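Q: Got a structure for you, questions after.
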Amino acid sequence: MDRGQTMNALWKTILCLLVAFSAHAQTQKKKVLVVPIQGSQYVLSSVIPRLEEYFGALLEIDQTIQAVKEEPATHPEHEQKTTEPEQKVKPQNRKVLEAHNMAEQGKKAILAKRYEQGLTKLLQAEKVLSANLNDLEDFEWFVDVLMWKAYGLYQGGYREEAAPAIKNLVTLRPDLSPAPEAFGKDFCGAVENAKRGIVKGGDLVVSTNVPDSVIFVDGKEVGKGEQKVQGLAVGRHFVKVVEPSGTTLGRFVQVTQKEQSQTFAFKVSAPKPKKPTQAKPLSYYASSGDFSQAFADDAKTACDKMGAQFAMLGYVARSDTAYHFGVFLFDANTKTLLAVEPAVIDLDLSNLQIALLELEARASKVISDPSSGQVVSAKPPIYALAPSQPQAQKPKEAPVVAPAPSPAPPAIEQQASQPSLPPPLQKAQPAEVATGGFEEIPPDFPIAKFTPQQEKPWYKKWWVWTAVGGVAAVGLGVGLGIKYGRSSKSQDTFGATISW
């Protein structure tokens, strides 16, 4: 085999390895929608941005993950909205208020023994209220007008007109018992005689075409939909039906000793098409731990929109001794939420780098093999973590220390028996201040040096690239030896054409 054929074979081998590596890496790389990390109220405000920075850097260098960020929510106020239909508020009927005022004037005239003037006002009030009983919120206003009208007729000497007025009154209120000290014993006796003459009527069946409508008889609620009312006295009664939207239908019904039915039909319009509910941002679910069916639907929509196979959600909680960083992976293919073993981080963040490296390795493994993750079927326990001490609240940031007063007090000489510790051995600051970590990723951040305890893919193992480098070195040496070992008149060239 001549030199040209040797070089062709060598380059062909190298290119095949590179193409195979590239194809393998491309097939293994999965698109992951990364949701902003959320935290509990006990987590310092400076901790989450640091986790975002470090963990995001690890995701960027992972050769099996293509990370994309969740788009910001356009309507964050959506969380406060309710899907319940608004109840229509019925405006107060002006005529009802006027009738109420007329009734009050009539009552004062009756008490002043100006019966004719008082009865005129009360009869006017009764007429207005009878025409507007659908808008009367308190039916007792109407009963009160009937009682004072009957009392005025009785006390004014109109006994012939007083008898049917008292009968109509006790028909609506068979249990009525006026106070003798207010209305006198004679009038109260006439009411009791009328109550003894009450005749029980037949059943009254009230129905409506809107099942959720509320039925009232003589101002008292009797039920919804279709109701059979028993025990009503023979005479005139008022039936009102209120539809859920607030629309009201009402009428007087003459009850007899036979059973009768009354139907109230509302005009039912065609239901309006429901507007599609706006999907909540996945950060809402990451913050609340609500991983119900609504989350699965919204997460699937978000993943499909971004072309992602997974959605990654993170939540940070705090216990008495550490921060706990949990990662959850939503598999868009199966609509399943998988939990990754949380990272436990010291309060001073001293083990932050190592803990995040190990957590990213576990998350990468679940993405590569979803069966290795734990299926989430309820609210994860990490959302219940909190400091056990009742007085433990959200820690405050380190306060700004005021400058020393001028002139400074004289320094106290330290005793020789208590020398100051050298800088490397000085006591660490309290964990509450959380001074560990860096403002930016330090140059000694062990991204490339640390090897997670998991099986590496073949293209990351050292012997693959050692072999590729060896083959390239041998080829280069052979080429250089042939070039300088032959005469300058040779027609061969180092730049051989690659053919397959």
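Q: Which residues' amide hydrogens lie under 5 Å from the amide hydrogen of V253, considering only partners 5 or more residues apart or on another chain, with H built in the peptide plane?
A: Here the answer is H237, F238, V239, since their amide H atoms fall under 5 Å of that of V253.
Q: Would you kindly compute the Cα radius of gyration of the stretch 204-264 and its largest Cα-Cα separation (Dmax), both in Å?
A: Gyration radius and largest Cα-Cα distance of the stretch 204-264: 10.8, 35 Å.
Q: Ok, one more. Of K228/K267; K29/K69; K107/K200; K240/K267, which pairs sit farther than 20 Å apart, going by alpha carbon to alpha carbon? It would help to have the intermediate numbers written out before the result.
A: Details: K228/K267 23 Å; K29/K69 16 Å; K107/K200 32 Å; K240/K267 16 Å.
Violating the 20 Å limit, Cα to Cα: K228/K267; K107/K200.
Q: Still on this structure: Kirkwood hydrodynamic radius, computed over distinct alpha-carbon pairs, for the stretch 94-196: how many Å, to one decimal? Working shown, then result.
A: Working: mean 1/r = 0.0734 Å⁻¹.
Value: 13.6 Å, from the Cα pair sum.
Q: In whole Hz, with x marking every Gly and Pro, tabulate ³J(HN,Hα) for the stretch 116-123 from phi via Karplus 6.51 cos²θ - 1.76 cosθ + 1.60, θ = phi - 60°.
A: In residue order, the calculated couplings are 5, 5, x, 5, 4, 5, 5, 5 Hz.
Q: Another question, if that's okay. Greater than 25 Å separation of Cα atoms is the criterion. Which listed pairs, K149/K224; K95/K167; K195/K220; K108/K167, meet it?
A: Listed pairs above 25 Å: K149/K224; K95/K167.
Coordinate-derived values only; no laboratory data. What you are looking at is a predicted structure, and each value in this text was computed from that prediction instead of being measured.
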